[in-house]
Amino acid sequence: MGTKRETSQIYNTISVLLAEKRTSLAVLRTAIAIFTLPISVFTVLIATSRYYDVPAVLHFIIPLLTICAILVFLGTYFVYRSFKKIKRIDHTIREIKMKKECTHDILED
């Protein structure tokens, strides 16, 4: 009876780890979207650059570029954090798989 309970607990632990991995993948997707927003803004600025004089609108461009730099930093940070967390979760699942014989039938490499 103890092994059945232990097996159930192992499967529940792996399920929680996989749920955390899905959450990290969702954060990664959001980070990529945040990272691409400044690229879109720069595209619009470059495409419409002939319609304005940069020194005349510098008071608008400087805050905009600051916000874009912050978004690039946040996107990079979230991508890094997500990759790090996904790697840790995969390592933990691999350790559980190596230690417990009952997971070999369900978990594949």
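The values are calculated or read from the model by the stated rules, or taken from the named source; none is laboratory data. Because the structure is a prediction, the values reported are computed rather than measured. Please note: Cβ atoms are built from the backbone with ideal geometry, for glycine as well, and neighbour counts cover all protein chains shown.
Quick one: would you say LYS85 is outside any loop (DSSP other than H, G, I, E, B) and either without any contact (Cβ under 8 Å) to a residue 60 or more places away in the chain or touching a Pro at 6+ places or on another chain (Cβ under 9 Å) (or both)? Against the criterion (outside any loop (DSSP other than H, G, I, E, B) and either without any contact (Cβ under 8 Å) to a residue 60 or more places away in the chain or touching a Pro at 6+ places or on another chain (Cβ under 9 Å) (or both)), LYS85 does not qualify.
Among the residues of the stretch 9-26, is any touching a Cys at 6+ places or on another chain (Cβ under 8 Å), part of a helix (DSSP H, G or I) and modelled with pLDDT under 95? Yes, there is a match, as at least one residue in the stretch 9-26 is touching a Cys at 6+ places or on another chain (Cβ under 8 Å), part of a helix (DSSP H, G or I) and modelled with pLDDT under 95.
Taking each residue of the stretch 8-34 that is on the phi < 0 side of the Ramachandran plot and looking for partners that are of a type in the set (Lys, Arg) and assigned to a helix (DSSP H, G or I) with beta-carbon atoms closer than 7 Å, six or more apart or interchain, yields SER24/LYS85.
The residues of the stretch 30-41 that are surrounded by 13 or more Cβ atoms within 10 Å (Cβ to Cβ) and not β-branched (Val, Ile, Thr), listed by number, are ALA31, PHE35, LEU37, PRO38. Scanning the stretch 67-82 for residues that are surrounded by fewer than 17 Cβ atoms within 10 Å (Cβ to Cβ) and touching a Ser or Thr at 6+ places or on another chain (Cβ under 9 Å) gives a single hit, ARG81.
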